[in-house]
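The values are calculated or read from the model by the stated rules, or taken from the named source; none is laboratory data. The structure presented is a predicted model; accordingly, all values stated were derived computationally and were not measured. Counting neighbours? That spans all protein chains shown, and the Cβs are built from the backbone with ideal geometry, glycine included.
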Amino acid sequence: MLLIHCPYCEEERPEIEFANAGEAHIARPSDMDGLSDQAFEEFFFIRSNPKGLHYERWRHIHGCARFFNALRDTVTDRFVATYKTGEPKPDIAAEGKDQ
Amino acid sequence: MADQLQRAHPLSGRLVSNAGVTVEPAPEAPRMILRAGKSALPALSKALGVKLPTKPKKSANGNGRIAIWLGPDEWLVIDLQSGDPAADCAAVKVLHSAVDVSHRNTAIIVSGTHSAAVINGGCPLDLSLDAFPAGAATRTVFGKAEIILLRETEDRFRIECWRSFSDYVFGFLEAAAVDTDG
């Protein structure tokens, strides 16, 4: 079982307490009415789906129930970093080096 | 005249008593889920008579009540003396949400020297005394059910679960407690 560090509980917790909530750092457009169909599709459906490091939202649903962000490698399943919602992204190049 | 309906305890009469572990239903108790911001805490703590903990995995006792930290703005308050914590919070003017969950939850007491091992039968948390000392409490999972686990003393745990899950949780504990002797 993976152990995931929850930034709110400040410790590593078993993965079955967590739920993935998709890609992180997707800003909702402020002018939703003015969006073209194509722009809406891009915001709403299209995700980066990278092979490798991926910024994701996770929720500690069976713990503190808070959403937080994580940087995870989609190939190895390794969590490089987890951080609270609203905090800046960790630098992907710097984090990637120590793998 | 019709007889008055009586609310039945979902686990009434259930008991597991093996070498080194006892599993029994806890008495009914009023409970409340409290949500509030940091600035509201002093007033709410004063009204409840128990200081709401602000650190993860902590619980606090006072005024016959247990307050358990669930999240950065969320607490479970259990009243062991049949008070009404939600009514106490209603008298406070600061912004908060207090929801009475007394009838949603029920609790199971697991006690004895093997209690941590029995709970680890269905719960993946590290329950060693270093990681989860007396007074520690958290929401977690037990088998397929969500529970709130409180270590009252070294050898005594309180498991809060939803009433509808209590038969499952108790049955799981019963099965986990079969081979504790020795």
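Quick look at the values:
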item	result
Within region B:136-156, considering residues that are of a type in the set (Ser, Thr, Tyr) and at the interface with chain A (Cβ under 9 Å from one of its Cβ atoms), the one farthest from residue A:60 (Cα to Cα)	B:138
Residues located in region B:65-98, provided they are within 14 Å of chain A (Cβ to nearest Cβ) and among the aliphatic types (A, V, I, L, M)	B:68, B:70, B:76
Sole exception among (1) more than 14 Å from chain B (Cβ to nearest Cβ); (2) of a type in the set (Gly, Ala, Ser); (3) loosely packed, with under 15 Cβ neighbours inside 10 Å for residue A:70, by number	(3)
Selection within region A:38-64 - in a loop (DSSP other than H, G, I, E, B) and more than 14 Å from chain B (Cβ to nearest Cβ)	A:45, A:46, A:47, A:48, A:49, A:50, A:51, A:52
Selection from region B:10-67 of residues that are among the β-branched types (Val, Ile, Thr) and either assigned by TED's automatic domain parsing to the domain that holds residue B:138 or touching a residue at least 60 places away in the same chain (Cβ under 8 Å) (or both)	B:16, B:21, B:22, B:23, B:33, B:66
In region B:54-63, the residues that are surrounded by 15 or more Cβ atoms within 10 Å (Cβ to Cβ) and within 13 Å of chain A (Cβ to nearest Cβ)	B:56, B:57, B:58
Answer residue from region B:124-182, given it is touching a helix residue (DSSP H, G or I) at 6+ places or on another chain (Cβ under 7 Å) and without any contact (Cβ under 8 Å) to a residue 24 or more places away in the chain and is surrounded by the fewest Cβ atoms within 10 Å (Cβ to Cβ) among those	B:124
Test result for residue A:16, more than 12 Å from every other protein chain (Cβ to nearest Cβ) and among the aliphatic types (A, V, I, L, M)	no
Helices (runs of 4 or more DSSP H) contained in region B:65-182 and holding at least 3 residues within 18 Å of residue B:29 (Cβ to Cβ)	B:85-90, B:166-176
The lone exception for residue B:27 - which of (1) closer than 22 Å to residue B:109 by Cα; (2) of a type outside the set (Ser, Thr, Tyr); (3) buried (at least 16 other Cβ atoms within 10 Å of the Cβ) it fails	(3)
Selection status of residue A:52, surrounded by fewer than 16 Cβ atoms within 10 Å (Cβ to Cβ), at pLDDT below 95 and touching a Ser or Thr at 6+ places or on another chain (Cβ under 8 Å)	yes
Selected residue (only one of B:5, B:34 is at pLDDT 95 or above and either of a type in the set (A, V, I, L, M, F, W, C) or closer than 30 Å to residue B:179 by Cβ (or both))	B:34
Residue within region B:101-111 that is within 14 Å of chain A (Cβ to nearest Cβ), closer than 19 Å to residue B:142 by Cα and hydrophobic (A, V, I, L, M, F, W, C) present	no
Residues of region A:1-13 satisfying the condition of being within 7 Å of another protein chain (Cβ to nearest Cβ), touching a residue at least 40 places away in the same chain (Cβ under 8 Å) and either part of a helix (DSSP H, G or I) or not aromatic (Phe, Trp, Tyr) (or both)	A:9
Some residue of region B:124-133 being of a type outside the set (Lys, Arg) and away from chain A (no Cβ under 14 Å)	yes
